[in-house]
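Structure first, then comments.
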Amino acid sequence: MEFIDFKNIHDMLSKTVAASPQKPAYRYFIDGNERETVTWEGFYDQVRGAASALMALGVAPGDRVAILSATGYRWVLMDTAIVSIGACTVGIYPSTLANGCRYILEHSGARLVFAENQEQLEKLTTVQEELSHIEKAICFSGGEEDADWGCSFGGFLREGEKIEADAFLKRTEMVKPDDPAGIIYTSGTTGLPKGVVLTHDNFTFTAQSCHGCADFSEATETFLFLPLAHVFARTAVQTAILTGTATTFARSLDTLVDDMRIAAPHWFISVPRIFEKIHAKVLAGAEAKGGLALKMFRRACAIGALMGEHKLRKIPVPLILHIRYALAQRLVFSKLHKAMGGRLQWCISGAAPLNPDIARFFHGAGVLILEGLGMTENTSFSNLNRPNDYRFGWVGPPGPGIEQRLDTDGEIQFWGRNVMKEYYRMEEATKEVFTEDGWLRTGDIGEIDEKNFLRITGRKKELIITAGGKNIAPAAIETVIAASKYIAQVLVIGDRRKYLSALVTPDADAIREYAEAQGISFSDIDSLIQDERIIRLIEMEVKARNAGLASYETVKKVTLVPEFTIANEMITPTLKLKKNIIEDRHAEKIEAMYV
């Protein structure tokens, strides 16, 4: 594959605008189900206006500008404006507590911060006196027009009228490929988050490498709901800019189903939890109907699984199977396709392991999920299954221009232009994450086959070594158990212990429905997880999934606990478990499973 050496992100955007000025670039909801559409030319004009306003406020090359907001059009608009004039975007999850915002803003030295709404702005005001660098906070929605510190978005844009028309282009010409475009703070499952510095070249190269893996064309549309504070979503945005793909932004996770149906994407990125929820909802719906409808669903799944195996192995499909599969699609699977917009060609799953059984279910239904791999330190992309060459349970070969290798202990390491510049203001941590010859250490353990496909088998720091000396990767077991529709989160315990146990949080909706169907009275979900009948249900679910595991991998005891949330500080904004905190908070319950 031949790569284009873009000068910077603005250069990449300019080429797409020149090629497709009047084609849709972004769509966002404005009133009910109505959407506003912005063309590439219109987007570029707005980027120039926003960038001029930043320049009027004194933002210089290399300055950091923060965005504290959920995913939306203005997030992408400001990110593009910021990087176009050589400044650097610092994203903050809207779920981040005030003290966490303070740390990121102070550590990055951001001069300006864009807040999604008044609620986010008020969060910042509680720590305002501790923000030594922030000069102004601008609200995307709301905000006071003439406040000394706060400012409305309209008021901000008017500042740009002071800047001469050619000043913007002069600034874009100054931006070099190696200049920082983003500082992405890792979620921090242990200790303080690290600021990963990603350059313009990291983003423009990675967008091209992604494009080399699948057919992203300007005729397609995508759908975005993942947080833009995470680099996975940022990389998807840059890939869409490169390829001229139109992006529709979801209103919220609460409206995800309706928004996806309206957006009708050809592809989208997601985390496994979304696919797990869809699978659980489809299964629960079929079981609730029962009778003939349930039999038809199970028969359709069996036919789909058989068709999926033929596709996966690339072997001829018998005529009778074609006919049966077409009938299964029309009677059963068409509802799933309609709910996802009806034009879906494939999806990309990343950020956490995807249960292969979930992937096979969707594959059998005619929805291909391509699992990939990435980490913040390599612009969230290193490997991806291809639409015409894929396996379930593997993350595929590396993207074009990216190299992979295994260390002597099985650790996966990468080299390529997608690899970060450094951890911001953390010299020692930067040295530790690179090998002597410059390869990125991932901390993941894996295997590579003869076709250069990669499979993740565990984490170096998370491997459980039982009292019997068995090395066990808990993530794989947690993924298997969490496939139950009644289970939301799983933390497997067992290091230096004689057997595995698990802390489990139930799926609130599924458990409530079960309790109502069984006539179990309850006041709230916390009372349900203490009910012996619910405990037995979860134990039976875990036992059923133990059947597919080796004896030393089976979970012998289970304890139900309340949900792990961002608010109780047991998960990160990217939904990763803070295992050390969870184990500390539930130490007594864990010890009780080993009495």
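What the table shows:
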item: Total charge dipole magnitude, the chain, about the Cα centre, Cβ charges on Lys, Arg, Asp, Glu only, Debye to nearest 20; result: 2560
item: Among 281-289, 401-409, the order from most to least packed when residues are scored by Cβ within 10 Å on average; result: 281-289, 401-409
item: Amide H contacts under 5 Å for LEU112, placed H, 5+ residues apart; result: ALA66, GLU135
item: For segment 1-112, diffusion coefficient by Stokes-Einstein and Kirkwood Rh (Cα), 20 °C, 1.002 mPa s, µm²/s; result: 138
item: Counted charge near THR457, where neighbours are those whose Cβ lies closer than 15 Å (Asp, Glu -1; Lys, Arg +1); result: -4
item: Antiparallel content of DSSP bridges confined to the chain, in %, to 5; result: 50
item: Convex hull volume per residue in cubic angstrom - Cα atoms of segment 216-332; result: 145
item: Value of D in µm² per second that Stokes-Einstein yields for segment 206-251, Kirkwood Rh from Cα pairs, at 10 °C (1.306 mPa s); result: 148
item: Whole-Å semi-axes of segment 383-533's equivalent ellipsoid (Cα gyration tensor); result: 39, 20, 17
item: Surface per residue (accessible, 1.4 Å probe) for segment 481-564, Å²; result: 49
item: Carbon + sulfur, % of accessible area of segment 160-211 - ligands and nucleic acids excluded, 1.4 Å; result: 56
item: Estimated vicinal HN-Hα couplings, Hz - segment 167-172 in sequence order (Karplus 6.51, -1.76, 1.60; Gly, Pro = x); result: 5, 4, 5, 4, 5, 5
item: Listed peptides 462-473, 175-186 by packing density, highest first (mean Cβ within 10 Å); result: 175-186, 462-473
item: Portion, in percent, of the accessible area of segment 255-310 that falls on carbon or sulfur, probe 1.4 Å; result: 66
item: Debye-sum result for the chain in log10 I(q)/I(0), which assumes one identical scatterer on each alpha carbon, at q = 0.11 Å⁻¹; result: -1.13
item: Part-to-part distance (alpha-carbon centres) for segment 245-317 and segment 386-427, which is given in Å; result: 29
item: For the chain: relative contact order, % (alpha-carbon pairs under 8 angstrom, 6 or more apart); result: 11
item: Net charge dipole size for segment 477-590 [Lys, Arg +1 and Asp, Glu -1 on Cβ; Debye, nearest 20]; result: 580
item: Between segment 109-144 and segment 473-540, the Cα center-to-center distance that results, in Å; result: 40
item: Rounded accessible area per residue of segment 1-41, 1.4 Å, Å²; result: 56
item: Heavy-atom accessible area per residue - segment 88-246, 1.4 Å, Å²; result: 37
item: Residue among PRO353, MET375, HIS310 farthest towards the positive dipole end of segment 232-377, charges placed on Cβ; result: HIS310
item: Size descriptor, Kirkwood hydrodynamic radius, that averages inverse alpha-carbon separations across segment 413-496, Å; result: 15.6
item: Of all accessible heavy-atom area on segment 1-98, the percent that carbon and sulfur account for (1.4 Å); result: 49
item: Within the chain, helix-based [θ] at 222 nm, where runs of 4 or more DSSP H residues each add -39,500 (n - 2.57), nearest 500; result: -11500 deg cm²/dmol
item: Rough spin-label spacing in nm, given labels placed 7 Å along Cα→Cβ, for GLU427 and GLU287; result: 5.8
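The values are calculated or read from the model by the stated rules, or taken from the named source; none is laboratory data. Predicted model only: the values in this text are computed from it and were never measured. Reconstructed Cβ throughout: ideal geometry from the backbone, glycine too, with neighbour counts over all protein chains shown. Heavy atoms of the whole protein, side chains included, go into the accessibility calculation; ligands, DNA and RNA do not. Shrake-Rupley method; radii C 1.70, N 1.55, O 1.52, S 1.80 Å.
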